[in-house]
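Please read the structure below before turning to the comments.
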Amino acid sequence: MELPFREKGDELLRPGAMLDMRARLREHAKKHDLTSVAAYAFDHRTRMLPFYFVDRRMSPGGVRAIGGAFHEAGFEKTRVVLQTWKKRFQPSRMQLDGRMPDLFMTSSMWIHSGRMKDMLRDICTVAPDQRPLVIAGGPHMYYNPWDAFSTDAADPWRADVAVTGELYVLLELMDVLLTERATAEPLRRTFLRVKESGGLDHIPGLVYPNGAEGAVPDELVDTGIQRLLQNLDELPHPVHGYKVIEPPGRSPLLSPGAIAVDRIHKFTPIAAIEMTYGCKFRCKYCPIPAYNQHKDREKSPERIADEMKRLRQDYGIKFFFGSDDNFFNRKDRAVRIVETLAATTLDDGTPLRKALGWGTEATVHDTLQMRDHLRTARTGGCKALWMGVEDMTATFVKKGQSVDKTREAFLLLQRNGINPMPMLMHDDTQPLVSFKSARGLLNQIQLLRSAKAMSVQVLMLSPAPGSKLYEETYSGLAYDSVNGKPVEPHLVDGNHVVASRHKRPWTKQINILIAYGYFYNPLRLLWALVFPKNRRGHLADAGAQIMGMCGWVQNLWRTPRWLYHLMRGGIKRHEAPPASPIPFRSVKGGHAPHGLPNQISTDEPERTKEPAQV
């Protein structure tokens, strides 16, 4: 169920391809007066632990990168809308520069895909000759691109095209369209003309529909698996993306202007930045290794330091979260980055560590390998590491961790001034409490707290598109409905039990609530005020407890509705993973590379190869 691999040697873009593409777009910007809106879909029903508070204080990196790339290329009439802040936004009523934008883009994760569909349905109420070109993208489209196209003949909304890859795929699409666009021609008309002529088929990473306008597509065409950008230094600087963010508000309309520069840090005090991609571990529940085609990708230490420095100086942002798969995945690379950050100063001479802080994700095994460099990491501004512990006893997940190693790693981090933030995964076989072993969920939470953990995440195993376990999870395990209630995307967030063979799955749901209440509670808050786990910042531990309790209240408010259905029973399970209900093919007429096993043609090879790059 992983994404297929490209032909060996053809997984990556050629060096400099992104730089050349950005240069071409700057030339296009001189000739085309293009207006565009990129909207991040967000389902507010997902506002629970462990993401409560952070979800509204950190602007998503992907959609912001799109806005930044357009703005940096010279398309300054660009706006980025976040539904986390602008819940009532209606694309059909948006006006930018006094007119309907030429281009409307949506970005969505799987758990927010319901809101993405709402936006697509809304924009399709605009007459076709006045409608912008509509593009769907984001992580959800990497694995389920058919979800951007309605199958209801009475309500045939749809995107014009789905982007199943990263930023380069979108920019390459825009380069082709703007090259072919006639003077004053609507961009959507250009797209339809180029599509009909086969002019999109050489761009790997697209899925587009064929069929009559205003009807369910006759078929979907998949142009293949994207090529990946190796050198992340070629990406546009993130400083551009913050210039085009829509202010928060209750209005369904766009505001006259973007957020003022001096107010950015008030709305998004945390900045997500890309530092490294890739992980050596091959966990069956994780889609990351296959998505990256088993490649490591990175930014240079100098570029990372410059991004933090400029975002701090230009916008006043003081905390950064690295969107790394495993920051310590390669020790030599991690050491170079932390040493560079430790030596970096702001323009006024202030050391970076005194002006900002950052955190990212790592594993217990790799943290122990970095033991001699953790002090340097703290000197470079690292204040927290989210640790993929999953299961301390390695019964369910094995990533080189154990109870002793986890404790050792956590104490090492705290000794060096870095807060360990463990992430646990609850499974069917794990009891709430165990005796004479550390297998129990509460046993592990107590061990983590005694090892000076500042926070905790407890999530239930859920279907993960693109992972090795995806098909197995959907073969008689994942729920289709419970007590007559369908399992909607927002429920597949790890907080709700939606895939289990347990005879009483409602007990697993209660276990998660108990686990959070055991870690975050008033008694621990009082204890944290007197005996904090972090003695360098004694209020940090108490602050984490307060935020955790506030988030736990959200879980207590939202979870019982699903718990009630679990207790009533009537569980209906999926027999196979979701597949495209619309005929789905490659550009050559065979199996679509993004298709699922029940769509595979035995005549097609597993690997895909698109035409060589020009």
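Points to keep in mind about this one:
Let's see how each residue does on (1) part of a helix (DSSP H, G or I); (2) within 18 Å of Ser580 (Cβ to Cβ); (3) without any contact (Cβ under 8 Å) to a residue 24 or more places away in the chain; (4) touching an Asp or Glu at 6+ places or on another chain (Cβ under 7 Å):
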| site | (1), (2), (3), (4) |
| --- | --- |
| Ile135 | no, no, no, yes |
| Asp147 | yes, yes, no, no |
| Ala153 | no, yes, no, no |
| Tyr168 | yes, no, no, no |
| Glu172 | yes, no, no, no |
| Val176 | yes, no, no, no |
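- Residue-level check: of (1) closer than 27 Å to Arg26 by Cα; (2) free of Cβ contacts under 8 Å to residues at least 60 places away in the same chain, Gln226 misses just (2).
To keep it simple, each residue is scored yes or no on (1) in contact with a Gly (Cβ under 8 Å, 6 or more places away or on another chain); (2) within 23 Å of Gly543 (Cα to Cα).
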| site | (1), (2) |
| --- | --- |
| Lys331 | no, no |
| Glu361 | yes, yes |
| Gln369 | no, no |
| Gly388 | no, yes |
| Gln401 | no, no |
| Met421 | yes, yes |
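- Which listed residue is buried (at least 22 other Cβ atoms within 10 Å of the Cβ), outside any loop (DSSP other than H, G, I, E, B) and within 14 Å of the chain's Cα centre (by Cα), from Val80, Val63: Val63
- Note on the range 116-133: among residues that are assigned to a loop (DSSP other than H, G, I, E, B) and of a type in the set (Val, Ile, Thr), the one that is farthest from Pro489 (Cα to Cα) is Val126.
- Against the test of being within 21 Å of Arg22 (Cα to Cα) and not small (Gly, Ala, Ser), the options Thr183, Thr190, Thr276 yield a single qualifying residue, Thr190.
- Scan of the range 100-132 for residues that are among the polar types (S, T, N, Q) and surrounded by fewer than 19 Cβ atoms within 10 Å (Cβ to Cβ), ordered by number: Thr125, Gln130
Every residue, every condition in (1) within 30 Å of Asp118 (Cβ to Cβ); (2) surrounded by fewer than 19 Cβ atoms within 10 Å (Cβ to Cβ), yes or no:
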| residue | (1), (2) |
| --- | --- |
| Gly440 | no, yes |
| Leu477 | yes, yes |
| Asp480 | yes, yes |
| Ser500 | yes, no |
| Pro505 | yes, no |
| Ile514 | no, yes |
| Asn521 | no, yes |
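- Set Leu442, Leu432, Leu374: member being modelled with pLDDT of 95 or more and assigned to a loop (DSSP other than H, G, I, E, B): Leu432
- Only residues that are touching a residue at least 24 places away in the same chain (Cβ under 8 Å), out of contact with any strand residue (DSSP E or B) (no Cβ under 6 Å at 6 or more places or on another chain) and either outside any helix (DSSP H, G or I) or aromatic (Phe, Trp, Tyr) (or both) were counted in the range 255-277, giving 3.
- First in the range 362-388 and free of Cβ contacts under 8 Å to residues at least 40 places away in the same chain and buried (at least 24 other Cβ atoms within 10 Å of the Cβ), second anywhere and hydrophobic (A, V, I, L, M, F, W, C) and assigned to a helix (DSSP H, G or I), Cβ under 8 Å, 6 or more apart: Met387/Val364; Met387/Ala409; Met387/Phe410
- Test: residue in the range 221-242 that is at positive phi and either assigned to a helix (DSSP H, G or I) or among the small types (Gly, Ala, Ser) (or both): yes
- In this structure, Gly214 does satisfy being on the phi > 0 side of the Ramachandran plot, of a type outside the set (Ser, Thr, Tyr) and surrounded by fewer than 19 Cβ atoms within 10 Å (Cβ to Cβ).
- Of all residues in the range 324-360, exactly one satisfies the criterion of being farther than 19 Å from Leu413 by Cβ, assigned to a helix (DSSP H, G or I) and among the β-branched types (Val, Ile, Thr), namely Thr340.
- Unmet requirement for Gly359, which otherwise passes all of (1) in contact with a helix residue (DSSP H, G or I) (Cβ under 8 Å, 6 or more places away or on another chain); (2) under 25 Å from Lys295 (Cβ atoms); (3) modelled with pLDDT of 95 or more: (1)
The values are calculated or read from the model by the stated rules, or taken from the named source; none is laboratory data. These numbers were taken from a predicted model, which means no experiment stands behind them. Neighbour counts run over all protein chains shown; Cβ positions are idealised from the backbone, glycine included.
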